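Please read the structure below before turning to the comments.
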Amino acid sequence: GGDAGLRTMNLILLKKSELTGIGRRCAVLDKADARAKHIVGHLRKRSGDAVSVGVIGGGRGVATLRLGEPSSSSVQDGGSNGDGNADPKKAGSDGSVVLQLSFDGTISSPSSPEMTLVLAIPQPKRLKALWSVVASMGVTRIVLIRAQLSPYGEHCKSSRFVESTYRSLIEEGMAQGAHVRPVVVDVDVDHVVCRETLEKLDLVSEGKGLSRTAKVFLDCGDESGVVVPPARDVVMRSCSADISCTTDDNHNLGNNTPLHPPPSAVLAVGPERGWTDSEAELFQEVGFSMATLGSSILRVDTAVVAGLAIVSTALDECYSGDSSKMNVANGSKRQRTERT
């Protein structure tokens with residue numbers, strides 16, 4: 001039912017197009033909007049209470065809730081931008097919910113680790129259940145491909161994957177996981193995956209420049225006898241970096257922005273029967289490393305959740321390690337500066 005869906009909102013998500021008023025720091029939600037029902041009915045918030053909100057593709061922070069007839073001062077703060085958006089001055093009497101943002105929601109959050117999931121298309125019902133789960137785990141790109149052992153039929157053609165079939169599910173997951181970074185979806189399932197497909201999807205490593213991207217495809221390797229490393233080890237090896245070496249030209253004292261890009265990862269999960277030997281060879285040829293989640297044989301949805309959990313934890317560890325190293329480097333640099 002609807003109440004079950006409402007309980008998944010750990011962040012009230014807004015679109016930039018919903019922002020109105022002076023400085024675009026106000027949003028008006030109709031009383032029938034699921035977010036308004038969640039705020040008032042589930043969270044039991046009242047006028048003047050703080051609500052955690054985020055703007056898709058923007059920032060996140062706190063908004064002050066306003067219910068009932070707005071005061072003259074709040075009307076002045078909210079205002080109307082005259083572009084057809086809801087007018088905060090009319091909010092309240094019709095039961096609508098007004099959110100007054102304490103931050104500029106149009107400004108994007110600082111860079112952070114990115115995760116891409118490459119998924120061999122599963123059965124439709126299983127895929128439908130995965131959209132929100134994957135988005136809740138912080139994935140920033142979902143790529144659907146067709147593997148040699150994938151199910152295939154009319155229901156699996158690219159033309160069936162229009163945005164209206166999955167976008168609301170993705171946003172539901174983003175609200176659950178409290179993420180504001182947009183999730184990009186690419187679909188190429190009309191042909192079995194090949195090098196050309198991976199190149200078109202920008203999944204082939206060129207081997208140029210500085211990169212901290214771990215590219216992993218899951219395979220237990222039990223039939224071939226190959227010893228496959230754990231997924232966490234592969235990610236940590238690819239994404240860990242010595243960022244203690246900085247220069248005055250590229251890093252000013254007190255600026256905690258590292259020279260290296262944030263770590264990122266691409267996780268490829270195969271169909272129920274796994275990747276074929278030729279597909280495993282293809283992934284390795286284009287820069288992916290084979291990794292395992294353990295000796296158990298998992299269903300696709302279980303492997304997706306377990307794999308993303310391991311990868312995201314490793315990325316967070318690498319990213320937090322960057323900040324720690326930068327603080328140490330800055331401390332050493334300050335000491336040298338003070339001595340001179």
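Details
- So N85, is it modelled with pLDDT under 95, surrounded by 14 or more Cβ atoms within 10 Å (Cβ to Cβ), over 28 Å from the mean Cα position of the chain (by Cα) and in a loop (DSSP other than H, G, I, E, B): no
- Unique match (being modelled with pLDDT of 95 or more, open to solvent by 40 Å² or more (accessible area, probe 1.4 Å) and either within 30 Å of S150 (Cβ to Cβ) or part of a loop (DSSP other than H, G, I, E, B) (or both)) among S244, S278, S224: S278
- Considering residues of the range 11-51 that are within 12 Å of G105 (Cα to Cα) and open to solvent by 30 Å² or more (accessible area, probe 1.4 Å) only, the residue nearest to the chain's Cα centre (by Cα): K15
- Within the range 261-270, considering residues that are part of a loop (DSSP other than H, G, I, E, B) and crowded, with 20+ Cβ neighbours inside 10 Å, the one modelled with the highest pLDDT: G270
- Test: residue in the range 150-158 that is over 21 Å from P271 (Cβ atoms) and open to solvent by 70 Å² or more (accessible area, probe 1.4 Å): no
- Residue in the range 303-315 that is modelled with pLDDT under 65, polar (S, T, N, Q) and in a helix (DSSP H, G or I) present: no
- Of all residues in the range 102-121 being out of contact with any Ser or Thr (no Cβ under 7 Å at 6 or more places or on another chain) and open to solvent by less than 10 Å² (accessible area, probe 1.4 Å), the one that is modelled with the lowest pLDDT: G105
- Note on the range 285-300: residues that are open to solvent by 20 Å² or more (accessible area, probe 1.4 Å), in a helix (DSSP H, G or I) and in contact with a strand residue (DSSP E or B) (Cβ under 7 Å, 6 or more places away or on another chain) total 0.
The values are calculated or read from the model by the stated rules, or taken from the named source; none is laboratory data. This one's a predicted model, so the numbers in the text were calculated from it and none came from an experiment. Cβ: placed from backbone, ideal geometry, glycine included. Neighbour counts: every protein chain shown. Protein only, heavy atoms only, side chains kept; ligands, DNA and RNA dropped before computing areas. Shrake-Rupley method; radii C 1.70, N 1.55, O 1.52, S 1.80 Å.
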